[in-house]
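See below for the structure under consideration.
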Amino acid sequence: MDFRFTPQQEELRREVRAFLEAERKQGTYETDIDAWIEGWSPEMSKKIGQKGWIGVTWPTQYGGRGWTYMDRLIITEELLRYGAPVQAQWPGDRQIGPSLIKYGTEEQRKEFLPKIIKGEIAFALGMSEPEAGSDLAGLKIRAMGKDGDFLFNGQKVWTGGAHKADYIYIVARTDPDAPKHKGISEFIVDLRSPGVTVKPLVDITGRTHLNEVYFDNARVPRSGLIGQINRGWYQIIAQLDYERSGLERVMSNYPLFEAIQDYTRKTTRNGKPLSEDPVIRNNLAELRVEYEVGRWLIYRIAWMLTQGKLPNYEAAESKIFGTAYQQRLAAEAMRILGLSGQLVEDSPRAPLKGWAARSTMFSLAYTIMGGTSEILRNVVAGRGLGMPSE
Ligand SMILES: Cc1cc2nc3c(=O)[nH]c(=O)nc-3n(C[C@H](O)[C@H](O)[C@H](O)COP(=O)(O)OP(=O)(O)OC[C@H]3O[C@@H](n4cnc5c(N)ncnc54)[C@H](O)[C@@H]3O)c2cc1C
């Protein structure tokens, strides 16, 4: 097995790093944790788009580059390593584009793909509802036919970035009388449509990036329907695998990992750097090994996609492992920092920009968002191990 990248891929990685270094130096962005979840910068996304690093695996006829998933992974790995603000481009690049390529109409592809590629439009993901998270097929929001359009009524919740995005991808019930998996369809809805109201939610860290989105007789043209009516559930499965199998599941708080290592080298206790304390040394080494394991689980998926194979239980497996690793990283950073680690970012004395406190709080969400670890273990059991499952 050859683990090396091609010379072109090594060059691509160098190029992405040089760009991110330069932009950081110029002040276009500051490194942050969770920057793919809440780092909103249309300016940065446009710059990344101009470099041609969004939608790289997509067909050239829509502005993509026809590159491999391995190339895409190299780009996303560097964006996450630098903690660059990429929320505005993330859902479009990761899952909406691929969905449109597979199920969208030619008009939808021509309309949306080039704009996603240029970093000009942003999507929010409207799947979960107050009573439909793990059991997504139990969703209640209705999209009923009306004079050739659809009328939307109902609510979505936990919709990241909806207060800033241009469009929301939605799964809605189009046949209330059909069995629950059979009456669901996928849509793209303009968030500025009359009848759509976005209400921000404050999370445990005090930040606002999640939302409730309400639909009150919001009229959506038929051109917003993705793929076949009432076949949404079957179309969505591959998209969820894309959502779960990216390096963000291992690298969301990666800047904290680098910062805490640096801290242990620079901070002394009893005249010795903390990095020479055998317990701290051992724990950080363990985290490094786990990080590499998580990384390789995700590289394996990119390799499968490059070979034309779709991930299945592998996506679930990588997310379970990666998100639990990131919680251990946050906890270890907090242990190393001691009481001062609890200071949050707006405290002038907070070490490491308050990242340890923020990460300890927010990393709780990693094993919930995008499918909980319990649900994903069911996927591994059923699809991976062939055990009886729901
Ligand atoms: C920070 C954050 C960001 C999010 N962003 C988005 C977003 O942008 N768009 C979006 O649509 N959604 C988003 N979500 C929602 C997320 O997908 C759901 O929270 C998740 O799927 C869980 O659903 P739930 O919250 O309804 O919990 P529930 O489904 O009610 O689950 C509650 C508990 O029961 C367990 N459980 C449920 N069913 C089973 C079962 N069959 N077997 C074993 N255990 C089970 C779960 O694992 C969990 O521990 C986000 C969530 C968070 C926390």
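Per the listing ILE54, ILE37, the residue uniquely in contact with a His (Cβ under 9 Å, 6 or more places away or on another chain) and among the aliphatic types (A, V, I, L, M) is ILE37. A single member of SER359, SER389 is under 28 Å from SER128 (Cβ atoms), under 23 Å from the mean Cα position of the chain (by Cα) and small (Gly, Ala, Ser), and it is SER359. Within the stretch 111-155, the set of residues being over 26 Å from the mean Cα position of the chain (by Cα), of a type in the set (Asp, Glu) and modelled with pLDDT of 95 or more comprises ASP149 only. Entry remark, the stretch 117-128: residues being in contact with a helix residue (DSSP H, G or I) (Cβ under 8 Å, 6 or more places away or on another chain) and either within 16 Å of the ligand (Cβ to nearest atom) or in a helix (DSSP H, G or I) (or both) number 7 in total.
So MET334 ticks every box in (1) at pLDDT 95 or above; (2) within 13 Å of the ligand (Cβ to nearest atom) but one. Which box is left unticked? Condition not satisfied by MET334: (2).
Residue-level check: of (1) within 14 Å of the ligand (Cβ to nearest atom); (2) surrounded by 21 or more Cβ atoms within 10 Å (Cβ to Cβ), LEU100 misses just (1).
So is ASP262 surrounded by fewer than 14 Cβ atoms within 10 Å (Cβ to Cβ), in a loop (DSSP other than H, G, I, E, B) and of a type in the set (Asp, Glu) or not? Answer is no for this residue. Just the residues that are assigned to a loop (DSSP other than H, G, I, E, B) and either open to solvent by less than 10 Å² (accessible area, probe 1.4 Å) or within 13 Å of the ligand (Cβ to nearest atom) (or both), please, taken from the stretch 154-173. Scanning the stretch 154-173 gives TRP158, THR159, GLY160, GLY161, ALA162, HIS163, LYS164, ALA165. Test SER389 against the stated conditions and say whether it is without any contact (Cβ under 8 Å) to a residue 60 or more places away in the chain, part of a helix (DSSP H, G or I), surrounded by fewer than 19 Cβ atoms within 10 Å (Cβ to Cβ) and not hydrophobic (A, V, I, L, M, F, W, C). Spelling it out, it is not the case that SER389 is without any contact (Cβ under 8 Å) to a residue 60 or more places away in the chain, part of a helix (DSSP H, G or I), surrounded by fewer than 19 Cβ atoms within 10 Å (Cβ to Cβ) and not hydrophobic (A, V, I, L, M, F, W, C). Against the list (1) in a loop (DSSP other than H, G, I, E, B); (2) surrounded by fewer than 15 Cβ atoms within 10 Å (Cβ to Cβ); (3) assigned by TED's automatic domain parsing to the domain that holds ASP262, the condition GLU374 fails is (1). Restricting PRO176, PRO114 to those that are more than 9 Å from the ligand (Cβ to nearest atom), out of contact with any Lys or Arg (no Cβ under 9 Å at 6 or more places or on another chain) and open to solvent by 10 Å² or more (accessible area, probe 1.4 Å) reduces the list to PRO114. Among the conditions (1) more than 16 Å from the ligand (Cβ to nearest atom); (2) part of a loop (DSSP other than H, G, I, E, B); (3) modelled with pLDDT under 95, SER193 misses just one, which is (3). When LEU136, LEU151 are checked against the criterion of being within 14 Å of the ligand (Cβ to nearest atom), of a type in the set (A, V, I, L, M) and open to solvent by 10 Å² or more (accessible area, probe 1.4 Å), a single residue qualifies: LEU136. Residues in the stretch 270-313 that are in a helix (DSSP H, G or I), of a type in the set (D, E, K, R) and farther than 18 Å from ARG328 by Cβ: GLU276, ARG300.
Across the stretch 329-352, the qualifying residues are those that are of a type outside the set (Gly, Ala, Ser), open to solvent by 30 Å² or more (accessible area, probe 1.4 Å) and in contact with a Ser or Thr (Cβ under 9 Å, 6 or more places away or on another chain), and the one among them that is nearest to LEU287 (Cα to Cα) is MET334.
Here the condition is being over 21 Å from ILE236 (Cα atoms), assigned by TED's automatic domain parsing to the domain that holds ILE226 and touching a Pro at 6+ places or on another chain (Cβ under 6 Å); of HIS209, HIS163, it holds for HIS163 alone. Conditions first: (1) touching a helix residue (DSSP H, G or I) at 6+ places or on another chain (Cβ under 8 Å); (2) in a strand (DSSP E or B); (3) over 25 Å from VAL379 (Cα atoms). ASP216 passes all but one, so which condition is the exception? Of (1) touching a helix residue (DSSP H, G or I) at 6+ places or on another chain (Cβ under 8 Å); (2) in a strand (DSSP E or B); (3) over 25 Å from VAL379 (Cα atoms), only one is false for ASP216: (1).
Could you say whether any residue in the stretch 85-93 is more than 16 Å from the ligand (Cβ to nearest atom) and either under 19 Å from LEU247 (Cβ atoms) or out of contact with any Pro (no Cβ under 9 Å at 6 or more places or on another chain) (or both)? Taking every residue of the stretch 85-93 in turn, at least one turns out to be more than 16 Å from the ligand (Cβ to nearest atom) and either under 19 Å from LEU247 (Cβ atoms) or out of contact with any Pro (no Cβ under 9 Å at 6 or more places or on another chain) (or both). Looking across the stretch 316-328 at every residue that is small (Gly, Ala, Ser) and under 20 Å from TYR254 (Cβ atoms), the one that is surrounded by the fewest Cβ atoms within 10 Å (Cβ to Cβ) is identified as ALA324.
The values are calculated or read from the model by the stated rules, or taken from the named source; none is laboratory data. For clarity, every value in this text was computed on a predicted model and none was experimentally measured. Here the Cβ is made from the backbone with ideal geometry for all residues, glycine too, and neighbour counts use every protein chain on show. With ligands, DNA and RNA removed, areas are computed over all heavy atoms of the protein, side chains included. Shrake-Rupley method; radii C 1.70, N 1.55, O 1.52, S 1.80 Å.
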